[in-house]
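Notes follow the structure.
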């Protein structure tokens, strides 16, 4: 089907570089925003935000009960623009109802923290509103993707993320944690300027059995929840097992490693509609995996070498002198997330594109059990490094299981 140069040429032909570039900018903005609040906010405030943000990540993954992922996959499969628009209209209305329910449940979870952290309710209210803003933002993103409007998708992404970063920097600098929360709430709602392109008056003849759609959506959302819970459970457990300062140390140690995977994730998200279209093509899927590894194995080796030899300077440069000592956890997590790019990110996304979400969900649930068990044993004894080891073992184990599951699927294709 072609060599690596053909693979990259097709990527550019499909304007995947616009999607990749905008998602890259989004990750960079998110990373800079995290560094900014680490530097500008007191350690206790940052620890408190990290706890709420970790819970937010779990609920965010369930946005609209998976309506945006339904739109992205099934909207990529249908042929005509009219079919895409009907599907979009139905999922927006039904998904919004589910989203309101989700935000209410998120607020209720704040009750578990009120006794320990007095001012945490304000953070929960701000993040609950942000959930609603992100529902609209994500739906509009999927609508643009399935319509092939990758340039417009990139423009939307860039405006929302860059304006959000500027708001965080300015408002946090002048108003502290209150300014940060205001910026957090406002940023995703800027996507509503694109809302005019969505027609809500279309009929609900969507061309797919609704049971099939929501089954895929719920498994996708469940997988996303469980996957994001994996990167939130560590913070939540640290909050219960250790102090706010330990939470901040671990959050700083994992910040750069966890953001490394954006390279693989954005690359695969750029190709997701193409992967969904070719979900039954064994040769295409094998071709994709082969060329993916030609790009990412050398890249991961190079990244590890740079971060390993510069770890001391990187920690001080990004987080300041007060975070010295997190270097061992930083390197452990760097190794884990680079392997994650080669295993869990690749095969998890491939399983999603081909519609095999049940297996993804089972492995993601198993990951939480593994992380919980290892954390309870290692964190009390080894602290931040114990959590780094627990997370690393979990990622490697589940990555291998996802690879096994995908190759089981591909062997059955003719």
Checklist line | Flag for residue 284 being crowded, with 17+ Cβ neighbours inside 10 Å and either under 20 Å from residue 258 (Cβ atoms) or in contact (Cβ under 8 Å) with a residue 40 or more places away in the chain (or both) | finding: no
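Here are some residues: 307, 260, 333. Which one is more than 19 Å from residue 383 (Cβ to Cβ), at pLDDT 90 or above and in contact with a helix residue (DSSP H, G or I) (Cβ under 6 Å, 6 or more places away or on another chain)?
On inspection, the qualifying residue turns out to be 307.
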Notebook entry, point to check: Can you tell me which residue in segment 287-297 is nearest to residue 262 (Cα to Cα), limited to those that are over 22 Å from the mean Cα position of the chain (by Cα) and exposed (fewer than 15 other Cβ atoms within 10 Å of the Cβ)?
Noted result: 294
Check: Yes or no: residue 263 surrounded by fewer than 17 Cβ atoms within 10 Å (Cβ to Cβ), part of a helix (DSSP H, G or I) and under 24 Å from the mean Cα position of the chain (by Cα)?
Finding: no
Check: Among the residues of segment 298-336, which ones are loosely packed, with under 11 Cβ neighbours inside 10 Å and either closer than 19 Å to residue 36 by Cα or in contact with a strand residue (DSSP E or B) (Cβ under 8 Å, 6 or more places away or on another chain) (or both)?
Finding: 313, 317, 321
Notebook entry, point to check: Counting only residues that are closer than 17 Å to residue 146 by Cβ and in a helix (DSSP H, G or I), which one in segment 164-223 is modelled with the lowest pLDDT?
Noted result: 197
Margin query: Considering only residues that are in contact with a helix residue (DSSP H, G or I) (Cβ under 7 Å, 6 or more places away or on another chain) and free of Cβ contacts under 8 Å to residues at least 40 places away in the same chain, which ones fall in segment 161-181?
Written below: 163, 167, 171, 179
Check: Applying the selection to segment 72-89, what residues are in a helix (DSSP H, G or I) and either closer than 27 Å to residue 350 by Cβ or touching a helix residue (DSSP H, G or I) at 6+ places or on another chain (Cβ under 6 Å) (or both)?
Finding: 72, 73, 74, 75, 76, 77, 83, 84, 87, 88
Check: Of these, 108, 100, 132, which one is without any contact (Cβ under 8 Å) to a residue 24 or more places away in the chain, more than 30 Å from residue 79 (Cβ to Cβ) and in a helix (DSSP H, G or I)?
Finding: 108
Checklist line | Matching residues in segment 80-97 - criterion: being surrounded by 20 or more Cβ atoms within 10 Å (Cβ to Cβ) and either touching a strand residue (DSSP E or B) at 6+ places or on another chain (Cβ under 7 Å) or within 17 Å of residue 130 (Cβ to Cβ) (or both) | finding: 95
Notebook entry, point to check: Regarding residue 328, is this residue at pLDDT below 90 and either out of contact with any helix residue (DSSP H, G or I) (no Cβ under 6 Å at 6 or more places or on another chain) or over 28 Å from residue 70 (Cβ atoms) (or both)?
Noted result: yes
Check: Pick from 242, 238: which is under 23 Å from residue 369 (Cα atoms) and surrounded by fewer than 22 Cβ atoms within 10 Å (Cβ to Cβ)?
Finding: 242
Item checked: residue 392 touching a helix residue (DSSP H, G or I) at 6+ places or on another chain (Cβ under 6 Å), crowded, with 17+ Cβ neighbours inside 10 Å and at pLDDT 90 or above -> yes
Checklist line | segment 1-43, residues that are at pLDDT 70 or above, outside any helix (DSSP H, G or I) and within 23 Å of residue 140 (Cβ to Cβ) | finding: none
Check: Of the residues 357, 387, which single one is within 30 Å of residue 281 (Cα to Cα) and either without any contact (Cβ under 8 Å) to a residue 24 or more places away in the chain or surrounded by 15 or more Cβ atoms within 10 Å (Cβ to Cβ) (or both)?
Finding: 357
Margin query: Looking for something part of a helix (DSSP H, G or I), more than 19 Å from residue 328 (Cβ to Cβ) and modelled with pLDDT of 75 or more - is there at least one such residue anywhere in segment 239-250?
Written below: yes
Checklist line | Residue check for residue 270: within 23 Å of residue 74 (Cβ to Cβ), part of a helix (DSSP H, G or I) and at pLDDT below 90 | finding: yes
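The values are calculated or read from the model by the stated rules, or taken from the named source; none is laboratory data. Computed from a predicted model, the values in this text were never measured in an experiment. Glycine gets a Cβ as well: all are built from the backbone with ideal geometry, and neighbour counts include every protein chain shown.
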